Structure formats: C-alpha cells, structure tokens
1. Being farther than 20 Å from Arg118 by Cβ and assigned to a strand (DSSP E or B) is the filter here; which residues of region 182-227 pass it?
2. Among the residues of region 190-204, how many are open to solvent by 20 Å² or more (accessible area, probe 1.4 Å) and either on the phi > 0 side of the Ramachandran plot or not hydrophobic (A, V, I, L, M, F, W, C) (or both)?
3. Collect the residues in region 254-286 that are within 29 Å of Arg55 (Cα to Cα), open to solvent by 20 Å² or more (accessible area, probe 1.4 Å) and among the small types (Gly, Ala, Ser), keeping them in residue-number order.
4. Please identify the pairs in which a residue from region 162-189 that is crowded, with 23+ Cβ neighbours inside 10 Å has its Cβ atom under 7 Å from the Cβ atom of a residue that is of a type in the set (D, E, K, R), counting only partners at least 6 apart or on another chain.
5. Would you be able to say whether some residue in region 290-311 is of a type in the set (S, T, N, Q), under 22 Å from Thr211 (Cβ atoms), open to solvent by 60 Å² or more (accessible area, probe 1.4 Å) and in contact with a Pro (Cβ under 9 Å, 6 or more places away or on another chain)?
6. Residue check: is Asp110 in a helix (DSSP H, G or I) and in contact (Cβ under 8 Å) with a residue 12 or more places away in the chain?
7. Are there any pairs with C-beta distances below 9 angstrom linking a residue in region 46-64 that is more than 14 Å from Ser25 (Cβ to Cβ) and of a type in the set (A, V, I, L, M) to a residue that is open to solvent by 30 Å² or more (accessible area, probe 1.4 Å) and assigned to a strand (DSSP E or B), with the two at least 6 apart or on different chains, and if so which?
8. For a quick check of your reading of the model, give me the residue pairs whose first member lies in region 290-309 and is touching a residue at least 24 places away in the same chain (Cβ under 8 Å), whose second is open to solvent by 30 Å² or more (accessible area, probe 1.4 Å) and not aliphatic (A, V, I, L, M), with beta-carbon atoms closer than 6 Å and at least 6 apart or on different chains.
Amino acid sequence: MPNNRLLLTLACLAPALASAQQSRSYNLAATPSTVAWGYYWSQATPVLRIRSGDRVTVHTMITNSPTGLVRAGLDSTRVQQSLRDIYKDVTNKGPGGHILTGPIYVEGADSGDVLEVRFISMHPEIGYAYNSFGTRSGFIPEDFTAGKSRIVPLDTLRNVAHFADGIDIPMHPFFGSVGVAPPAAMGRISSAPPGIHAGNLDNKDLIAGTTLFIPVWVPGALLEIGDGHAGQGNGEVDITALETSLRGTIQVIVRKDLHLSWPRAETPTHWIVMGIDSNLVTAAKNAVRQAIDFLVTEKHLTREDAYMLSSVAVDFNITELVHGTVGVHGLIPKSIFTKRP
C-alpha cells in the first residue's frame, strides 16, 4: 500500500522543489564577445539567455583605456588583460563610451512588463579605481583650464578608497549603469544619459541588498550592466566616480503584475522614485510626480495627501548633474507607514 503521509509530504514539497530546479545560476565575464560598447539597442544580439528567477554573476569592465590608466599613473602590469582584449578587438562602438556587459535576454519579458533586478552582492575586481575630469565635461568645466586624472587605491579589507594622505573614503560599490533596451523607435541610444530604460542612473543608493524596477520595452528586455563604481557622491559633479571593474550577483524576475513608466527602486529602508530630464527643475518635478503616483497607487492616499506627505517626509536628492541628462530621486521612508497590511 502506498504511504499516504509520504505522498502528501512530497506533494507539498513539489512546488518548492520545482522552483529550485528552475532557478539557475550563470557567470557572465566581460570579454570582446560579451560586451556592448556605448549603447542600449532593441536590435542588439543577446550574449546570454536566462529565465525569470535566475541569478547571474556579472563581471564589468572599468571604463577607461589601458593607455589612459597608465597615463594616470597605474603600473602597466596592473591593467587587466580582458580590458586590453576589449580595446583591441571590439570595433562596434558608440554612440556612448561605457563598456556594458550584455545584453542578457530574459525569457518571458515583454513590452509592458517590469524587470525586477535584485542586487545580491557587489565587489571590486581590481585593487584600484580612477577619477578624472576634462575641460569639456563635468558640471563646471568653465572653471578649469586643464583636466586631471587620479588612480585611487582600494583597500578591500578596510573597505575604503585611499584618495590621498589623510583622506579615506568608505566604499559602497554599485553599478552606475543598469538598463534595458529602449523602445525600438528610439533606435540605438547612447549609454551616457539615463532614461525610461534606466541605464546610466548613477544612483549611489543601489548597492547590494537593494532592488531596481525597470519598465520593459522590447521582448527579452535585453539587460545590460556596467560602469562599476567603488563609490560616488550624489551629483557625480566632475563626471566620474570611483570608476573600477566590478562584479556583482543579481537575480532577475519578470513582473507581469507591475506596470511602470519610469524606473523605481527599493532599499531595506526606503522606496526610491526617480525623475530624469535635461533640465534640473523638470527632473525634480518629475520625481515629485513619481512620488505622488507611488503614494496614490501603492499606499492609497489621495493626490492631495500624497503631495503633502511628499513635502513633509520625502527627501529629494540630486542623483546626477552631468551627462546632459540630470536626475533627481526621492527617498520615501518605509518607517512612516505604521499600519501594516
């Protein structure tokens, strides 16, 4: 006779076992054949196909040339061979300058969905970062007659970047650029400005343990990740952060139940809404409107109450002041909502 208790136990465990079997893990290195140099594009060829719920350890490459790093003071023996290979072999470039790993095709993702990208872990892959500015970029180029570059040692044991004698900066590694392909009608767009596809958000709050929600515009989403930062200040005013090669493990989930027009994020303590535009005031207004929309749709406030709450409880910070498109993000604290569903 069959063991009914055993059969019942197996039946209860079946969904969990099936889920575990369905979830897969991948390792995606940055090589000449796995990077998209300077663009997000609906026609880009995927370098990896995954399913919803899968995890990927993504390796990203520092966005500087081997000669540029040496010129800034790095010993040539410390330049990654993979960076040399990418600069030597990749000819399909632009219009932007970021070296992005991907695209990753997410099965089942389609226009109108949302891609939930969970950042599990992030670590520098090299013991240095760089920061640089020029006379035609950054927020105040008119104030400088010459550019400058600096190699910044990274102390992963103490978790600090040694900027100069007596100046150690706590590291908070994050990917500056995480995005999907834009709508097909937009064509091949530059990796520099962020937008409805997310992309180069340069939001320093998106560290390990946080989640980014990105509207999907094309089948498969075509996720790309790069622009690794060991740390950054809000605004990234000279146009670079602590730029480094970064590896991070992400989990990607297709959300058919969520519909967004702009990227949104979540940390353990806050929800993050975003406003992006070429004009800082317009970007700030967009962020406020996104905060109101979140509070109305997710917390069921009236628009009037949501506007008032945004004024008394939400912090609106400058995310990005360079790249031509600027950003403002609003931090909505979870702690103010004392009534649990």
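1. Answer for region 182-227, where residues must be farther than 20 Å from Arg118 by Cβ and assigned to a strand (DSSP E or B): Ile189, Ser190, Gly195.
2. Adding up the residues that qualify gives 3.
3. Result: Ser261, single match.
4. Phe174/Lys204; Phe175/Asp227; Gly176/Asp202; Gly176/Asp227; Ser177/Asp227; Gly179/Glu224
5. Within region 290-311, none of the residues are of a type in the set (S, T, N, Q), under 22 Å from Thr211 (Cβ atoms), open to solvent by 60 Å² or more (accessible area, probe 1.4 Å) and in contact with a Pro (Cβ under 9 Å, 6 or more places away or on another chain).
6. no
7. Val47/Tyr105
8. Short answer, once both residue conditions are applied: Gln290/Trp262.
The values are calculated or read from the model by the stated rules, or taken from the named source; none is laboratory data. Note that the structure is a prediction, hence the values are computed from the model and not measured. Using ideal geometry, Cβ is built from the backbone for each residue, glycine included, and neighbour counts are taken over all protein chains shown. Note: areas computed on protein heavy atoms with side chains; ligands, DNA, RNA excluded. Shrake-Rupley method; radii C 1.70, N 1.55, O 1.52, S 1.80 Å.
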